[in-house]
Each structure stands twice: as C-alpha cells, then as structure tokens.
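For reference, the structure discussed in these notes is given below.
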Amino acid sequence: MIIEYENLAKLNESFFHEFEIAFKETLKSGWYVLGKEVSNFENNYSDFCGVSHCIGVANGLDALTLALRAFNFPNNSEIIVPSNTYIATILSIVQNGLKPILVEPDLETYNIDVTKIEQKITKNTRAIIVVHLYGKVCKMDSILEISSKYNLKIIEDCAQAHGAKFREVVAGSFGHFGAHSFYPTKNLGALGDAGALTTNEKALAEIAATLRNYGSKKKYYNEIVGYNSRLDEIQATFLNVKLRHLDKITLHKRKLAELYQYNLKEDFIRPKIDKDYYDVYHIYNIRHPRRDELKDYLLNKGIKTEIHYPVAPNKQLAMVGIIDNQQTPIAQEIHETTLSLPISYFHSENDIERVISIINDF
C-alpha cells in the first residue's frame, strides 16, 4: 500500500457536501467578484487571527507584494528576509524594486535567527519580512523589539502558519501586515489560488484594498497605480467552509506530529517543541545527513515524501546578480538535509505509525 505525501481530493472529501451547497448559493447569486462571500471571509478570518482588518487577494505572493507596495519604499531600500524561505518571499521584494538582505535561520527552529538580524541593518533598511516556516511562529518578542529600536516595518509571511501562535498570539497579528496564502495544500487551503492580508491598522488596510482593485476606491476612478489581485468569490466560498473546520484540521495534524515526535529514532533531527509555541505543522520536516538516500528508501517502501526546499534561494538561477553573492551556509545545510514526511488531514494515525515503523529501520 502506497502512503501518498498529499492527495487533495482525499484531503477535501469530507467537505464536498458543504462545498456543493455553498457553491450553488454563490452561483445563483450572480455576483462573482468582491461580493458577499469575500466580505464574509474577510470578517471571519480577521476574527480568527485576532486583527481588525483582512483584505482578500489573489494569492500569497500578491499578498507579500502588495504589503511592501503599500509602504512605497524608495527603490533599492533593503528588506531583511530569512535565507531559507520559499522563493516567493524574495520575489515580492525584487518585484517592488527593493533589495533582499538574507539573514540565516536558527538551525533548531528553521525560522530567522533573531541574534543575527541587527548586524544586517543599515541606514537603507526599511523592513523585516519574517517567515513562520513549516507552521511555527518566529520569536516575535525579540523581532518587535528590533523593529521598534530601528523604526522598521514588520511583514509576516504566514503562508504556512494559519492559526499558529507565539505566547497565545496568532500569526498575522504581530506585524504591520500579515501575508497569507491559501494554496490548496495549506492547512487552510482553497480549491485554487487565494490569499489575504491582515492588519490592525485601518490606513494600511485601506491602501491594500485600493491596491488590489486597480488602485481604485470608487469604480472607474483610480487614485494610485494598482493591481488586479482580488480574492475570487468562489474561492472565498470554499474558504468560508474550510475555516469552520480549521481547528479540527490543526488538531489532527498536531496529533500526527506528536506520533512522529515521540516515536521516531534519535537518528532523525525532529522539529523543536517549546511551550511558548503552538505549532500547526503545515509541514512536518526531519533532517538527516543521508537525506536523498532516505527519500529513495522510503519511496521504495511505498512512502512518498517531499523536500521543502531542495534549492536555497541564493542558489536559484533567477537570483543570479540579485542575491547569489550572499553566503548562506546554514540555509544550505537545511536545504541539503531536510525531508518532509506525510502529515495531511486525510492521513490516519495508522498511516503515520506505518511510516514510523519503516523509517526507523533505515
């Protein structure tokens, strides 16, 4: 029997009936762009995150891009970003005409190492993008202190951290903006591309809402140079259904992660657990010096895995001349040794116990 890494049909199967009912209502409404479902989701998700405002956008990359655009930083301003993030975080900086400054991660949490941030701050630094990687929130108390000390904006990349907490505070509510992706594989996943921004600042929310809609507050009147990046009404319909079940999804994934955490052999470097953090395990990653061998071994035993991510951002061809001159040995070590194990909502505890039994024989 093959244990898949992910299967989106199986993942969403238990929601199909609710999807169908909700979709028919949206279809019959005749309103398919920025309608009732988007407004409902924005209200529901802002409540979930504990913030005042949510602005639905087309995808997670657009959320990051619009967040940076809202501040209108001068060209070539420096934005601090973790060196092991997914490429989208860095693309949002580059596409705004800004300069990514890489800071290495903590080798235990995989999030930005707060002790290394200040040494990268210059007179040109304008913001820090923190990435709550794999579903663990960054050490936000220290990051907020740095932000205050140097008057820097904070943007949270929450693409993998829906509902994750640091000291009981939810991801997406710490910074000036939280940028969220609802790509189908996420814990809160749509059935296509979707994203959102969260903020407690009314003025920023208004700018983001204007930017996503061609720079327009009033139809056919454009105040600023904007984008077409609106959360789709149909995807909002599906997200409203899924959001009602997100706590249940998270609890299930935390239970599967617990099985891995306490039953995998010491050979495998497991995620760090700390009482200050409520992790949501979008990804359960381990590290091993013979990662590629381990991946092949598991595949031969019928267990599919993924690598998040096989190539460090500064090693990507697209980044030649942009960040390829920035040295990132810690990120490189993570990219060469990390392996993501099955931990989907559709996986059973028996599935995970089988994975553990097989991997422990490696």
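The values are calculated or read from the model by the stated rules, or taken from the named source; none is laboratory data. For clarity, every value in this text was computed on a predicted model and none was experimentally measured. All Cβ positions, even for glycine, are placed from backbone atoms using ideal geometry, and neighbour counts span all protein chains on display.
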Any residue in the range 120-131 that is closer than 18 Å to SER52 by Cβ, in the same structural domain as LYS99 (by TED's automatic domain parsing), among the charged types (D, E, K, R) and part of a helix (DSSP H, G or I)?
no
Counting only helices (runs of 4 or more DSSP H) wholly inside the range 12-113, the ones holding at least 1 residues that are exposed (fewer than 15 other Cβ atoms within 10 Å of the Cβ) and out of contact with any Asp or Glu (no Cβ under 6 Å at 6 or more places or on another chain) are 16-29, 36-49
Could you say whether any residue in the range 299-318 is closer than 24 Å to GLU266 by Cβ and in a helix (DSSP H, G or I)?
yes
So ALA196, is it within 16 Å of GLU42 (Cα to Cα), of a type in the set (Gly, Ala, Ser) and either in the same structural domain as SER14 (by TED's automatic domain parsing) or crowded, with 24+ Cβ neighbours inside 10 Å (or both):
yes
Restricting attention to the range 319-338, the residues that are in a helix (DSSP H, G or I), in contact with a strand residue (DSSP E or B) (Cβ under 8 Å, 6 or more places away or on another chain) and not hydrophobic (A, V, I, L, M, F, W, C) number exactly 1
Restricting to the range 201-238, count the residues that are under 30 Å from ILE21 (Cα atoms) and of a type in the set (A, V, I, L, M, F, W, C).
5
Looking at SER348, is it within 27 Å of LYS242 (Cα to Cα), surrounded by fewer than 17 Cβ atoms within 10 Å (Cβ to Cβ) and free of Cβ contacts under 8 Å to residues at least 60 places away in the same chain?
yes
Spot the failing condition for TYR227; the list is (1) under 25 Å from PHE73 (Cα atoms); (2) surrounded by 19 or more Cβ atoms within 10 Å (Cβ to Cβ); (3) more than 21 Å from the chain's Cα centre (by Cα); (4) not polar (S, T, N, Q), and only one is missed.
(2)
